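Undergrad: Structure in structure tokens, see below.
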Amino acid sequence: MSGRVRRLAPLVLSVVFVLVAGVVVWNASTTGPGGGGAACTSRTPLVVASSTEKSALVESMVARYDRQPGRCADATVVGVPSGIAVDVLAHGWDDSLGPRPDVWTPSSSVWLGVANRRRTTEPAPPGTTGPPPAIPTDVDPSRSIAQNRVVLAVPESVARARFGWPRATLGWPDLAGAVSSGSFTLGKTNPALSTPGLFALLGAFASTPGVPGALDRPELMDDPRALDLEQRIESGVVHYGNTEQEFLRNMADAAVKRGSPSAYVGAIAVQEKAVWDYNRGNPEADVPAPVGATAPAEQLVSFVPRDGTFVSDNPWVTLGWPETSAETRAAADDLRSWFGEPAQQDELRANGFRGSDGSADPALERTTHPAEEGGPTLPVPSAEVVTRAVDLWSTRLRKPANLTLAVDTSGSMACEASWIPPVAPARQEACPKDGQSRLEAVQQQAAGALARLRPGDTLGVWTFSSGSPPYRPAPPTTVGPPGSGNTPADIVARAFPPDFVPTGNTAIYRTARDAITQIRSTADPGRINALVLLTDGEETDDTRPDAVAETMRAVASDPTRPTRLFAIAYSPDAGSEDGGYAKLDQIALSSGGYAYDARDPSTLRKVFNDVISNF
């Protein structure tokens, strides 16, 4: 898996790729004269921004491209979720995501029009610098490198008992009914950021009984019947997120520790490729698959929604920056042509994608277990319709959040944010404190990311270090509109008055246990109840992480008051793969949450945005 900050284990870094700013970057640096292929005599540097579900495979394939003589590109692949790329490319680029791309291959061409529309309707995200590139929208279908259908993935036991798989069909109204009947939960990526989440939102609008044509006429989305269907679906969501792989990893963990992936969610909208990976024991879509990966005992089966689904066409577009050269365009065309050759198309099909013509390897059906009947392929709606749907979701349909942010305020948070501690044995030298501190950087990036919360969500900010108790709790405050004094930025600022001084040690596990317990005591099943905990160090208290993990598992198994932990390991002091970081991941996963890696301080903004995409 690439494009999101990788969770801890297993996290294997090789000489072929490195994690930079929370995205996977691979550099094919060999250049020079060639003797075949496109017959180029030199290679032009080319950066390709790929949607995350295929970026690991694309970078692996590009390694082979680079070994061929006579090719034109010296390619670097950057994995970025399609919706995040939209936000920044609409206004320029954010270097924390990786090098600025020359080529963009999102999951779907729907994002091309959305990016151009957001250029005039949305402000630039923090950290984005212009000018923006020209983004073509009239893309020839032959520029697709692969296809991928969006399906409803359901654990086999649930699919048989509840939905009559493999003979029955399944639609969004059926899932809304299952949620309304109680104790049925859904996984759904954030439709503002993720293609399957977006297509799930649009598919539900298209399937509303009595409201035909909602994807042709945006005003029909305001029909009470359409809104009611969407709200019932959203009420069953456990949380959102910007990648399918976060959900699938939790489903795999639930299968091992709680007997079935349905202990986490009963159904999830994903691309076929994700079902392929999960059923082959590779829920995070690693390339190559982890050594020893085995198929899970309970597989996911797939339904094409009865009223239709969308196909991700994975377009390949060259971005028109002011300085884009003819050589860059030629290199982009050469690499695209290479992906279209039979050998590369076969490799994409052999890894769970459909070819650019929609054809699939026979193993895809054997592995994803589709129901016998499904709906048609729906045309992708206009950027206007997509924008209206996402706006409705953001302002009226999204499941509200009850969020607590717990921030480490131990003495090391006074260190400069950009400081990288020396390795042992020189570890004990004092950190510099002249520039922006770690705590100040956290305040800044938290306030920016939390701006996605809407009025009516609740937010509380705890601080913790050491002592008895080691934390300073704060009751949740209802988020208000600008000027109310209760915006997320206002709430964060009140937790850190100007004279606040970081001090003490780091009682991570006790804080996590007690905070989760308190949140759970007032948890609202109609909200996403969660703790986001950030630490820049390893545990100094004597609380055992396995005991905290047991508490988290008990919380996760209570469907009436679900509460999840999303953890951020910040700065190099936050622990090694098999040390503090691994333990942090252990307790987050036990709650049905996730651990995010910001040990490279430059990734903090990216990581905070990834975390807040869950709400």
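The values are calculated or read from the model by the stated rules, or taken from the named source; none is laboratory data. In this text, all values refer to a predicted model and were calculated from it rather than measured experimentally. Don't worry about glycine lacking a Cβ; one is built from the backbone with ideal geometry, like all the others, and counts go over all protein chains shown. These area figures cover heavy atoms from the full protein model, side chains too; ligands, DNA and RNA do not enter into them. Shrake-Rupley method; radii C 1.70, N 1.55, O 1.52, S 1.80 Å.
Undergrad: Can you spot a residue in segment 572-593 that is free of Cβ contacts under 8 Å to residues at least 24 places away in the same chain and outside any helix (DSSP H, G or I)?
TA: Yes, segment 572-593 contains a residue that is free of Cβ contacts under 8 Å to residues at least 24 places away in the same chain and outside any helix (DSSP H, G or I).
Undergrad: What are the residues in segment 159-186 that are touching a residue at least 40 places away in the same chain (Cβ under 8 Å), at negative phi and in a loop (DSSP other than H, G, I, E, B), if any?
TA: Trp165, Pro166, Arg167, Ala168, Thr169, Leu170, Gly171, Phe184, Thr185
Undergrad: Do you know which residues across segment 297-323 are surrounded by fewer than 19 Cβ atoms within 10 Å (Cβ to Cβ) and either at positive phi or touching a strand residue (DSSP E or B) at 6+ places or on another chain (Cβ under 6 Å) (or both)?
TA: If the condition is that a residue be surrounded by fewer than 19 Cβ atoms within 10 Å (Cβ to Cβ) and either at positive phi or touching a strand residue (DSSP E or B) at 6+ places or on another chain (Cβ under 6 Å) (or both), then Glu298, Gly308, Gly320 are the ones that fit.
Undergrad: Same structure, new question: Looking at (1) part of a helix (DSSP H, G or I); (2) closer than 17 Å to Glu53 by Cβ, can you tell me which one Ser262 breaks?
TA: (2)
Undergrad: Now a separate question. Quick one: which of Leu348, Leu378, Leu335, Leu392 is touching a helix residue (DSSP H, G or I) at 6+ places or on another chain (Cβ under 8 Å), over 30 Å from Ala75 (Cβ atoms) and open to solvent by less than 20 Å² (accessible area, probe 1.4 Å)?
TA: Every option except Leu392 fails the conditions.
Undergrad: Taking only pairs six or more apart or across chains, which ones have beta-carbon atoms under 8 Å, a first residue in segment 125-144 that is in contact (Cβ under 8 Å) with a residue 24 or more places away in the chain, and a second residue that is in a loop (DSSP other than H, G, I, E, B) and open to solvent by 70 Å² or more (accessible area, probe 1.4 Å)?
TA: Close Cβ pairs (under 8 Å, with a partner that is in a loop (DSSP other than H, G, I, E, B) and open to solvent by 70 Å² or more (accessible area, probe 1.4 Å)) amount to Pro131/Pro322.
Undergrad: If I filter segment 493-512 for residues that are in contact with a helix residue (DSSP H, G or I) (Cβ under 9 Å, 6 or more places away or on another chain), among the basic types (Lys, Arg), over 13 Å from Thr404 (Cα atoms) and not in a loop (DSSP other than H, G, I, E, B), do I get at least one hit?
TA: The answer is yes; a qualifying residue exists.
Undergrad: Just one of Ala371, Ala295, Ala332 is without any contact (Cβ under 8 Å) to a residue 24 or more places away in the chain and not basic (Lys, Arg); which is it?
TA: Only one candidate passes the filter, namely Ala295.
Undergrad: Looking only at segment 140-178, count every residue that is modelled with pLDDT under 95, surrounded by fewer than 21 Cβ atoms within 10 Å (Cβ to Cβ) and under 26 Å from the mean Cα position of the chain (by Cα) and tell me the total.
TA: Residues flagged as modelled with pLDDT under 95, surrounded by fewer than 21 Cβ atoms within 10 Å (Cβ to Cβ) and under 26 Å from the mean Cα position of the chain (by Cα) within segment 140-178 amount to 1.
Undergrad: State which residue is nearest to Ala447 (Cα to Cα) when the search covers only segment 100-132 and only residues that are part of a helix (DSSP H, G or I) and open to solvent by less than 40 Å² (accessible area, probe 1.4 Å).
TA: Ranking the qualifying residues of segment 100-132, first place goes to Arg118.
Undergrad: Right, next: So Gly435 ticks every box in (1) part of a loop (DSSP other than H, G, I, E, B); (2) in contact (Cβ under 8 Å) with a residue 40 or more places away in the chain; (3) over 22 Å from the mean Cα position of the chain (by Cα) but one. Which box is left unticked?
TA: Result: Gly435 fails condition (2) only.
Undergrad: When segment 58-76 is examined, which residues are found to be open to solvent by 10 Å² or more (accessible area, probe 1.4 Å) and part of a helix (DSSP H, G or I)?
TA: Residues satisfying the conditions are Glu59, Ser60, Ala63, Arg64, Asp66.
Undergrad: Are any residues in segment 351-375 more than 29 Å from Asp140 (Cβ to Cβ) and either touching a Cys at 6+ places or on another chain (Cβ under 6 Å) or open to solvent by 40 Å² or more (accessible area, probe 1.4 Å) (or both), and if so, which ones?
TA: If the condition is that a residue be more than 29 Å from Asp140 (Cβ to Cβ) and either touching a Cys at 6+ places or on another chain (Cβ under 6 Å) or open to solvent by 40 Å² or more (accessible area, probe 1.4 Å) (or both), then Arg366, His369, Glu372, Glu373 are the ones that fit.
Undergrad: Please work out which one of (1) at pLDDT 95 or above; (2) touching a strand residue (DSSP E or B) at 6+ places or on another chain (Cβ under 6 Å) is the condition Gly435 fails and give its number.
TA: With respect to (1) at pLDDT 95 or above; (2) touching a strand residue (DSSP E or B) at 6+ places or on another chain (Cβ under 6 Å), Gly435 is out only on (1).
Undergrad: Could you check Thr294 against (1) open to solvent by 40 Å² or more (accessible area, probe 1.4 Å); (2) under 30 Å from Ala254 (Cα atoms); (3) polar (S, T, N, Q); (4) not in a loop (DSSP other than H, G, I, E, B) and say which number it fails?
TA: Going through (1) open to solvent by 40 Å² or more (accessible area, probe 1.4 Å); (2) under 30 Å from Ala254 (Cα atoms); (3) polar (S, T, N, Q); (4) not in a loop (DSSP other than H, G, I, E, B) one by one, Thr294 breaks only (4).
Undergrad: Please enumerate the residues belonging to segment 187-226 that are assigned to a loop (DSSP other than H, G, I, E, B) and more than 18 Å from Ile268 (Cβ to Cβ).
TA: Thr208, Pro209, Gly210, Val211, Pro212, Gly213, Ala214, Leu215, Asp216, Arg217, Asp223 - these are the residues of segment 187-226 that are assigned to a loop (DSSP other than H, G, I, E, B) and more than 18 Å from Ile268 (Cβ to Cβ).
Undergrad: Turning to a different aspect of this structure: Of the conditions (1) closer than 25 Å to Gly411 by Cβ; (2) surrounded by fewer than 21 Cβ atoms within 10 Å (Cβ to Cβ), Val461 fails just one. Which one is it?
TA: Checking Val461 against (1) closer than 25 Å to Gly411 by Cβ; (2) surrounded by fewer than 21 Cβ atoms within 10 Å (Cβ to Cβ), the one that fails is (2).
Undergrad: Say we look at segment 468-485 and pick out the residues that are part of a loop (DSSP other than H, G, I, E, B) and in contact (Cβ under 8 Å) with a residue 40 or more places away in the chain; which of these is surrounded by the most Cβ atoms within 10 Å (Cβ to Cβ)?
TA: Pro470
Undergrad: Exactly one of these conditions fails for Ala549: (1) surrounded by 14 or more Cβ atoms within 10 Å (Cβ to Cβ); (2) assigned to a loop (DSSP other than H, G, I, E, B). Give me its number.
TA: (2)
Undergrad: Can you name the condition, by its number, that Pro283 falls short on among (1) open to solvent by 10 Å² or more (accessible area, probe 1.4 Å); (2) under 23 Å from the mean Cα position of the chain (by Cα); (3) under 27 Å from Ser142 (Cα atoms)?
TA: (3)
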